[in-house]
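**Student:** Let me begin by handing over the structure; questions about it come next.
The values are calculated or read from the model by the stated rules, or taken from the named source; none is laboratory data. What you see is a predicted model; the values in this text were computed from it and never measured. Here the Cβ is made from the backbone with ideal geometry for all residues, glycine too, and neighbour counts use every protein chain on show.
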Amino acid sequence: MKGYDEAFWRALDELVANSEIVIDRPKGTAHPKYPQMIYPIDYGYLKGTSSMDGAGIDVWVGSGERKVDAVVCTVDLLKKDSEIKILIGCTEEEKRTVCALHNDSPYMKGLLIRR
């Protein structure tokens with residue numbers, strides 16, 4: 001399945017390269033509905049894209065080189081949805097932090113898929 005893997009990552013590279021990244025929840029800010037949840041790294045979306053929730057495709061933007069390096073596939077039992085979040089320029093520590101955040105609730109679970 002290596003050919004599919006490479007095509008998937010190339011497609012994500014193209015999507016990110018041709019989309020504006022909007023950071024609407026900078027590192028250190030609180031979630032608008034859950035103020036106890038503080039964003040550990042920049043979080044936003046790709047402008048002009050759409051995800052399962054009708055909003056733009058979510059992105060986590062880390063402190064490293066601005067390239068797609070992983071995705072998190074999430075399942076949200078409260079919203080009854082599933083989607084991916086693209087990780088861009090995330091260090092290994094940032095990847096672990098994002099994955100832990102998506103698993104820190106009995107209602108949301110996430111699986112990290114590294115490039």
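**Student:** Just to be sure before I move on: is Val59 assigned to a helix (DSSP H, G or I) and crowded, with 16+ Cβ neighbours inside 10 Å in the structure I sent?
**Tutor:** Here the answer is no, as Val59 does not meet what is asked.
**Student:** Under 8 Å by Cβ, and 6 or more places apart or on different chains, what pairs join a residue from the stretch 22-39 that is within 19 Å of Ala55 (Cα to Cα) with one that is surrounded by fewer than 13 Cβ atoms within 10 Å (Cβ to Cβ) and among the aliphatic types (A, V, I, L, M)?
**Tutor:** Tyr39/Ala30
**Student:** Output the number of the condition that Gly44 fails; it satisfies all remaining conditions of (1) under 21 Å from Ser105 (Cα atoms); (2) of a type in the set (Gly, Ala, Ser); (3) part of a loop (DSSP other than H, G, I, E, B).
**Tutor:** (3)
**Student:** Take Ser50 and decide whether it is without any contact (Cβ under 8 Å) to a residue 40 or more places away in the chain, under 20 Å from Trp9 (Cα atoms), of a type in the set (S, T, N, Q) and part of a loop (DSSP other than H, G, I, E, B).
**Tutor:** yes
**Student:** Out of everything in the stretch 25-41 that is modelled with pLDDT under 95 and either basic (Lys, Arg) or outside any loop (DSSP other than H, G, I, E, B) (or both), what residue ends up being farthest from Val59 (Cα to Cα)?
**Tutor:** Checking each candidate, the answer is Lys33.
**Student:** Name the residue that is surrounded by the most Cβ atoms within 10 Å (Cβ to Cβ), counting only residues in the stretch 62-91 that are of a type in the set (S, T, N, Q) and farther than 11 Å from Gly110 by Cβ. Don't jump to the end; show me each part of the working.
**Tutor:** Taking the stretch 62-91 first, the residues of a type in the set (S, T, N, Q) are 63, 74, 82, 91.
From the residues that got through so far, the ones that are farther than 11 Å from Gly110 by Cβ too are 63, 91.
Values: Ser63: 12, Thr91: 14.
Residue satisfying both the conditions and the ranking: Thr91.
**Student:** Report whether or not Glu20 is at pLDDT 95 or above, more than 16 Å from Glu94 (Cβ to Cβ) and among the charged types (D, E, K, R). Steps first, answer last, please.
**Tutor:** Numbers: at pLDDT 95 or above: yes; more than 16 Å from Glu94 (Cβ to Cβ): yes; among the charged types (D, E, K, R): yes.
So Glu20 fits the description; yes.
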